Every structure is written in C-alpha cells, then in structure tokens.
C-alpha cells in the first residue's frame with residue numbers, strides 16, 4: 001500500500017516526509033490554545049500530534065476500517081492507554097488466558113494497585129457468559145493468541161460482549177489487518193505492536209490503537225497525551241515505510257509457515273505443533289472462517305522438554321534467537337523464559353505453555369533453507 005504524504009505548497013511528495021519538530025509556530029494565541037485541546041486539529045506540539053505520525057494513523061485506520069487511530073511509542077503504550085482510558089477502580093475485566101505476558105503484567109498491576117478485577121477464560125462463548133458480572137466493563141482478546149496460536153470465535157465473543165455493554169478490545173498484532181479486521185466483527189478497539197508486522201524490519205518500536213467510535217478515540221488520546229505514550233515522528237516514519245511492503249512480506253511469511261508447520265508436525269523430536277492452518281489445530285475451522293490466511297507464527301513443543309528446547313535454540317543458525325516477531329527474518333525463542341517470564345507455573349499451564357515450547361516467527365527466507373536449519377537443530 002502507499003502512504004499518502006501531506007500536500008506541500010500545492011504538490012505532494014511521493015515519500016512521506018519526517019516532520020522532526022517538537023513544536024509548531026502560531027500567529028495568534030487563540031489558535032494555539034484550540035490546537036492544544038483536540039487530537040485532530042492544527043499541529044501544535046508533537047506529543048499532541050505530528051504530520052508524519054498522523055499520516056501513519058490514517059493509513060492504519062484505513063486498513064483496519066476504523067474512524068481514527070493513535071500511534072504510540074510502543075505496543076504496550078497502546079495497550080496501556082486503552083486500558084487506562086476505559087477502566088476505573090472496582091471494574092471487572094474478562095480476558096482470554098493465552099495472552100502476551102506484558103498484557104498480563106499490566107492487568108495484574110491494575111488489579112493489585114487499583115482493584116480492577118480480572119477473570120481469565122479459555123475463550124469459549126459459554127465461559128464469557130458465565131464470567132460476566134454487573135461491574136464487568138471490558139473484554140480483552142487476541143486474534144491469534146500469543147504464543148499458542150489459539151483462535152477464538154471473535155464475532156460471537158464480541159456479540160456477547162457488546163450485548164453486555166462491554167468495551168471489546170482485540171490485539172491484532174499476530175494477524176495484522178491483512179488477515180483479520182476485528183472491528184468488522186464487533187470490536188470497539190484494535191491494538192497493534194507496530195514493531196511487528198506493520199513495521200516489519202526489526203528497526204523500530206511502536207504501537208497503534210484503532211477505534212470504531214470517535215468518542216473512544218478522543219478519550220484515549222487524552223491518556224496517550226497525559227502519560228507520554230505518543231509516537232516519535234521518526235519511529236512513525238519507519239513504520240509507515242515498512243507498512244508499504246506488508247502485503248508482500250506477509251504472503252511470503254504465511255507460505256513459509258505452511259511448509260515448516262507441516263514438516264514439524266511429522267518430525268519425531270517434536271510434540272504438539274500449533275499453527276491454525278493445520279487440520280489438527282483445535283481452532284482450524286474457526287480460523288478458516290475468520291482469517292484470510294493462517295499467519296506466520298508457529299509454536300511447537302520439543303518432545304524432551306526444557307533442556308532439549310535450550311539445545312535447539314543454541315543449534316539454529318539461519319533462524320535467530322531473539323525476542324519480537326513479524327520481521328523479515330525468522331526468530332525463535334522459549335516463551336517460558338522470555339515473552340511469558342512474568343507467569344508462574346500455574347499461569348504458564350493455563351496459557352498452554354510448557355518449558356519445551358518454542359515460538360517461531362517465520363520470515364521471508366527460502367523455505368528449504370529454513371527447514372534445513374530447523375532439521376539440523378532438532379537433531
């Protein structure tokens with residue numbers, strides 16, 4: 001896709017400029033005061049808004065089908081801003097149990113410090129209905145769960161959540177708007193770590209929240225503003241540049257993931273393989289209806305457990321042991337000691353993670369080269 005740059009003296013540059021300015025000059029105080037008070041007015045101060053950042057926000061909002069978006073300094077900045085904007089002391093949240101560890105950590109902090117109650121469910125509509133309380137305010141889901149790749153019945157869960165008056169928030173990082181657009185299925189807010197697929201080159205940290213309703217957008221803007229989560233214009237520019245190749249990158253990544261998942265499922269050193277495109281995946285039927293493709297995140301269990309998983313990570317050569325995902329390179333890690341290190345043994349078990357679990361973000365390398373590397377590392 002092409003990011004549309006703003007007009008400059010009647011012409012439009014083909015490449016989005018970087019407006020690396022912290023502040024903007026005004027000719028009168030009334031105009032400055034008005035600009036400082038709204039999220040979509042004249043540019044005043046880059047924490048409030050910036051032309052480069054706004055171009056990225058418009059592009060992602062268009063991709064997700066939202067009315068507006070807010071770019072943030074990180075994915076956790078987007079998640080935290082949305083949660084802080086919608087929750088008060090004494091509120092109740094229902095969240096799926098297989099979540100990114102950082103999200104779990106924020107929910108735990110809200111619970112311990114501010115009395116926000118949290119109930120975790122595996123994701124069935126029946127569980128959601130049973131978990132609802134008079135003080136339930138928010139439902140938090142992931143399109144494709146991190147790292148188990150579970151895919152819940154998003155339309156049905158969103159229908160129940162909306163019917164109960166909840167704000168439905170969906171982390172769409174693992175899918176991207178190319179594979180799923182949660183707002184079309186009933187979500188109120190979609191969040192992304194734009195560090196991942198949207199940026200796609202492992203060179204930027206960022207986040208974005210996309211809104212189905214103007215009121216939610218404006219409410220969350222104040223949280224982004226007051227807590228200092230605004231995106232830097234250079235980071236927004238890097239993300240916008242990466243966004244233009246998202247369709248090409250993701251098509252190759254998904255194709256590679258299919259090859260690797262099918263071969264891993266047949267390898268004697270591998271236990272359970274979790275990729276929604278496999279017929280053996282517990283949510284394959286739902287994923288086939290909800291997603292336009294099955295994604296490029298695979299998790300699998302090394303049959304011999306923790307020590308064998310560590311040896312595997314030490315033996316890969318083309319794949320790289322590193323945190324993050326969604327870039328052009330293939331990355332592997334052990335969730336129990338990295339992305340989900342915040343969880344105790346019970347929390348890991350509830351999330352479907354073992355000490356032998358490996359999460360792999362498949363890149364755009366040649367599929368046969370990747371398989372040769374994995375086969376060698378598995379022994």
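Matching residues to (1) under 29 Å from residue 158 (Cβ atoms); (2) out of contact with any strand residue (DSSP E or B) (no Cβ under 8 Å at 6 or more places or on another chain); (3) at pLDDT 95 or above:
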position	(1), (2), (3)
280	yes, no, yes
296	yes, no, yes
300	no, no, yes
303	no, no, no
309	no, no, no
312	no, no, yes
315	no, yes, yes
321	no, no, yes
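Residues satisfying the criterion are present in region 133-144 (criterion: without any contact (Cβ under 8 Å) to a residue 12 or more places away in the chain, within 21 Å of residue 107 (Cβ to Cβ), surrounded by fewer than 24 Cβ atoms within 10 Å (Cβ to Cβ) and assigned by TED's automatic domain parsing to the domain that holds residue 63). Taken over region 238-264, residues that are touching a strand residue (DSSP E or B) at 6+ places or on another chain (Cβ under 9 Å) and surrounded by 19 or more Cβ atoms within 10 Å (Cβ to Cβ) amount to 6. Taken together, 203, 226 contain a single residue that is within 18 Å of the chain's Cα centre (by Cα), over 19 Å from residue 142 (Cβ atoms) and surrounded by fewer than 24 Cβ atoms within 10 Å (Cβ to Cβ), which is 203.
When 118, 94 are checked against the criterion of being at pLDDT 95 or above, surrounded by 20 or more Cβ atoms within 10 Å (Cβ to Cβ) and under 22 Å from the mean Cα position of the chain (by Cα), 94 stands alone in meeting it.
The values are calculated or read from the model by the stated rules, or taken from the named source; none is laboratory data. These numbers come from a predicted model, not from an experiment. Positions of Cβ are generated from backbone atoms using ideal geometry, with glycine treated the same way; all protein chains shown enter the neighbour counts.
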